[in-house]
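Read the structure below first, then the notes.
The values are calculated or read from the model by the stated rules, or taken from the named source; none is laboratory data. Keep in mind it's a predicted model, so treat the numbers as computed, not measured. As a convention, Cβ positions derive from the backbone with ideal geometry for all residues, glycine included, and neighbour counts pool all protein chains shown. Surface areas here come from the heavy atoms of the whole protein model, side chains and all, with no ligands, DNA or RNA. Shrake-Rupley method; radii C 1.70, N 1.55, O 1.52, S 1.80 Å.
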Amino acid sequence: MNKAKNVSKLTGLLAVSLGLFIFQTNTYADTAQSDPAVNTAVQSEQSQSSTVTTSDEPVAVDATATSDDTAVADQSTPAETVESDPTTESQPTTAEPSTVDTTESTSDEPTVAYDSQATDSSTADTTAADSTTDSQADVTADDATDSTVAQPVEDQNGSSDTTQSDTASDSSTTATTSDKDEITVSGIGDSTDSAIKQSSDNPFINFFTGITSGIAASIIYPLVASRQGAQFISKFRTLLSPNRWDVSQNWADLDEKYNPEYVKQYYTEAQDWYDNKAPKETWEVPFADGTGTARATYIKNGDSKKTIIYGQGWTTEPEGMGRISKMFYDMGYNVLMPYTRGQNTSDGEWLSFGNKDKKDWVNWINKIDQTNGKESQIVLYGQSLGADTALQYAASGDLPSSVKATIADCGFSTIPSLIYHLYTGAASSLNNITSKIGWNLNGSIPLVPFDQLLTSMNNINKLVQGFSLDDVSGITAVKNSKLPTLFISTEDDTFIPDTQTETMYKLSASTDKKLWVLDGHVGGHASASNAVQDYMKNIQDFLASAMNQDSTTSNNDLDVPATDTVAA
């Protein structure tokens, strides 16, 4: 009888664990909005892997990698910071949204930015300073601690003599990354980290939890990777938070320094523009493997030859993408919004996490180039899953000269790292319950060790879709792309931690790259675009340089599997 009760309790805990794993974060849908409540358990896990350490004042760091900079970048030398003088500048609140003056910066610069224009990829690793701890002892030598001296912030005329401050204070500003952001399926078997390799050494227990983990994976995988499952989760979350797709969520949790009143005006008009005024067209191209048709919404901007390809996030609705597309339209770009396999109007029953979509992008780009001719210029852009799709395409090699740059907003470093983050958040939430009866779970979910859950999900993915979860790695992508790349994230992202974006920035092979992390309350996952004035300015500044460079994107020597470089 007691055994039956114990089995019943464990079964109940497993059910609760699965629910927490799937629904534990309020930012589980890929949108630029979030619900008001924030899961503190996930935040506590994120805080254990700190992102960017700053002083109270914002800092802009020029991380140009040179031999002199490396010599200066000793940890004993405090980084110089610049402060804003609130009496010198103010942010407009009544500006006409459709004609944003993006040359004007705010008095309270709310970002930490790292720029890199290193001469080769070996020096590029020094552009992001990272600190190692005892728990990160297995990180490679390239992850050694370093720091850079902050440089004066240039004014809009490019003068480095003009800073945003009349005074300076001493503090150190470093970007830190975590080995938890570089987890791979192939590496978990050799891991010595008990937080990652949780399976028991006891063969009987290991066999039993292998079965229970397989059951858990067979429930979770279809919910997140199938068309029907993803739609179910999205609709269920909308049932819990009916206003989560409402335009008001763009400014609902926005700090005053990001000018919520202006954001309200801009996005209200952007929603009306997309719904009623935008010159929308429906485009189609065949899937690269010939199994179906990919569809997209195209917004033509007059005679412009510049186009943004906007990669769709997981369960992102077209209306959310539509109002964000207004920013790029205002910048003078045509906008193409492809819907990934298994989402919206595109064919397919399974989401490939960018693995197959990146090949379909070859056909999208061919269609854009045929439409705009030899003057065609293309920027790859995406949020969350869409960011990784853009990065994966950028790494495919032999890109046409029309492809100029990549903008990756809050992408994942690896899927195993994302699963680990969600797993530990669910375990922490569950531990808040079990600890009341004196049961400390120590970061694990009963009957579902992390390594066995990950292995089971990978096996299901290979069976259903024919590729490993390691094949959709943001880290692998950035190591194989030399396109100018802007990495964006927010510190309040509880779904994909900003450390994952910072890790990709640090490991990127691009010699023209920038990391922009927004602090404070922005809105959660994929919310950087809520800060619309800063968002447009940073993107315009980045593209002003990237679009004028000679394209050298054909990289025949890149380490990319041949199957990833071919499309129909």
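Under the simplified labelling scheme, the residue 236-residue 191 pair shows an inter-label distance of 2.5 nm, with each label point 7 Å from Cα along Cα→Cβ. Taking a ≥ b ≥ c as the square roots of the eigenvalues of the Cα gyration tensor, the range 256-313 is prolate, since a/c reaches 1.5 or more and a/b is larger than b/c. Overall, the accessible surface of the range 330-407 at a probe of 1.4 angstrom is composed of carbon and sulfur to the extent of 45 percent.
Applying 0.36 nm per residue to the separation of residue 347 and residue 201 and subtracting their alpha-carbon distance, the gain on full extension is 48.1 nm.
When each of the peptides 406-412, 481-487, 392-398 is scored by the mean number of other C-beta atoms lying within 10 Å of its residues, the order from highest to lowest reads 406-412, 481-487, 392-398.
The heavy atoms of residue 491 present about 60 square angstrom of accessible area, all protein chains included, probe 1.4 Å.
Residues 356, 404, 264, 506, ordered by accessible area of protein heavy atoms at a 1.4 angstrom probe radius and largest first, appear as 264, 356, 404, 506. Take every Cα pair under 8 Å whose residues are at least 6 apart in sequence, average their separation, divide by the length of the range 285-369, and the relative contact order is 38 percent.
In the context of the full set of protein chains, the range 353-495 has a per residue accessible area of 28 Å² (1.4 Å probe). Accessible area per residue for the range 209-307 is 46 Å², calculated with a 1.4 Å probe on protein heavy atoms, without ligands, DNA or RNA. Straight Cα distances below 27 angstrom link residue 506 to the lysines 180, 197, 356, 358, 359, 404, 479, 482, 514, 537, with same-chain residues fewer than 8 positions distant left out. Is the shape of the range 329-394 best called rounded, prolate or oblate, per the rule: a/c under 1.5 gives rounded, else a/b larger than b/c gives prolate, else oblate, with a ≥ b ≥ c the square roots of the Cα gyration tensor eigenvalues? Here the range 329-394 falls in the prolate category. Restricting everything to alpha-carbon atoms, can you work out Rg to Rh for the range 465-537 with a Kirkwood hydrodynamic radius? When Rh is taken as the Kirkwood radius, the ratio is 1.02.
Solvent-free Debye calculation, one equal scatterer per alpha-carbon of the range 501-552: log10 I(q)/I(0) at 0.16, 0.29 Å⁻¹ equals -0.60, -1.17. Rolling a 1.4 Å probe over the protein heavy atoms of the range 184-274, with every protein chain left in place, gives an accessible area that is 61 percent carbon and sulfur.
Using only the Cα atoms of the range 258-385, build the gyration tensor, take square roots of its eigenvalues as a ≥ b ≥ c, and label the shape rounded, prolate or oblate: rounded if a/c is under 1.5, else prolate if a/b is larger than b/c, else oblate. Oblate, because a/c is 1.5 or more while a/b does not exceed b/c.
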